[in-house]
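Worksheet: the structure to be examined is printed underneath.
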Amino acid sequence: MLVLLAGIFVVHIATVIMLFVSTIANVWMVGSSSIGTISTGLWLLCNKTCTQLPVSSQDEASLKAVQAFMILSIIFSVVALVLFIIQLFTLEKGKRFYMTGAVMLVCWMCILIAVSIYTARFTGTMVYYINPHHGYCFILAWICFCFSFIIGILYLVLRKK
């Protein structure tokens, strides 16, 4: 049981780190053009230098929602990690990590909303670039989505021994 808890803790820390990277880095979509490789993220458009991401007025609210939900997912993931550590030392034997699991599932829902909005609104916006494809941040966000769901369910099922 101790090994399982340690493994979940390590995966949880990895999820928090991957959430930070996927939110901060600007490689959600990658394409090439005559001036070189271009990547866009949640915050900037980068080729050789980075500039503010040009967004149409109709897509601005969607981008702000993606940014907000990714930040919320980081906050909920960190709160769940702290809650797990607190519950690990204060919870009675035989009790379950309900609070930690619930907070982690809220994190999972925030990631789902953010990545779904991004997929629906911004995937096909790089029409002027050659060979546009998703970058590593987008893929990391989906990996965090899977990890946070698995971790949340495991927290709900596990008992402290």
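The values are calculated or read from the model by the stated rules, or taken from the named source; none is laboratory data. Note that this is a predicted model, so its numbers are computed, not measured. Every residue, glycine as well, gets a Cβ built from its backbone with ideal geometry; the counts of neighbours run over all protein chains shown. Protein only, heavy atoms only, side chains kept; ligands, DNA and RNA dropped before computing areas. Shrake-Rupley method; radii C 1.70, N 1.55, O 1.52, S 1.80 Å.
Computed about the Cα centre, the dipole magnitude for region 73-161 is approximately 440 debye when only Lys and Arg (+1) and Asp and Glu (-1) carry charge, each at its Cβ. Normalising the Debye intensity of region 41-107 to I(0), with uniform scatterers on Cα atoms only, and taking log10 at q = 0.20, 0.26 Å⁻¹ returns -0.81, -1.04. Probing with 1.4 Å while keeping every protein chain in the model, the per residue accessible area of the chain equals 53 Å².
Applying both filters, DSSP loop and at most 14 other Cβ atoms within 10 Å, to the trypsin sites (Lys or Arg not before Pro) of region 75-156 gives K93, K95. The angle between the Cα long axis of helix 136-157 and the main principal axis of the chain comes to about 20°, on a 0 to 90 degree scale.
Lysine pairs in region 18-161 with Cα distance under 13 Å, only those 8 or more apart or on different chains: how many are there? Final tally of qualifying lysine pairs is 4. Taking the centroid of alpha carbons for each part, region 113-154 and region 1-66 are 9 Å apart. Mean sequence separation of contacting Cα pairs (under 8 Å, at least six apart), scaled by the length of the chain, corresponds to a relative contact order of 34 percent. Rg and Dmax, both from the Cα atoms of region 69-150 and both in Å, are 16.6, 59. By the Cα gyration tensor, the chain has an equivalent ellipsoid whose semi-axes, rounded to whole angstrom, run 36, 14, 11 from largest to smallest. Residue by residue, region 100-116 carries 3J(HN,Hα) couplings of 4, x, 5, 5, 5, 6, 5, 4, 4, 5, 5, 5, 4, 5, 4, 6, 5 Hz when phi is fed to the Karplus relation 6.51 cos²θ - 1.76 cosθ + 1.60 (θ = phi - 60°); x denotes Gly or Pro.
Subtracting the Cα-Cα distance of Q52 and V3 from their residue separation scaled by 0.36 nm leaves 13.1 nm.
Model label points for A14 and I71, set 7 angstrom from Cα along the Cα-to-Cβ axis, are 2.9 nm apart. Here the label points at Y136 and T37, each 7 Å from Cα along the C-beta direction, are separated by 0.9 nm in the simple model. Rolling a 1.4 angstrom probe over the chain with all protein chains present gives an accessible area of which 73% lies on carbon and sulfur atoms. Roughly what angle does helix 57-90 make with the longest principal axis of the chain, taking Cα atoms, 0 to 90 degrees, to the nearest 10? That helix lies at roughly 20 degrees to the long axis.
Over region 1-46, the alpha carbon radius of gyration divided by the compact-protein estimate 2.2 N^0.38 Å works out to 1.77.
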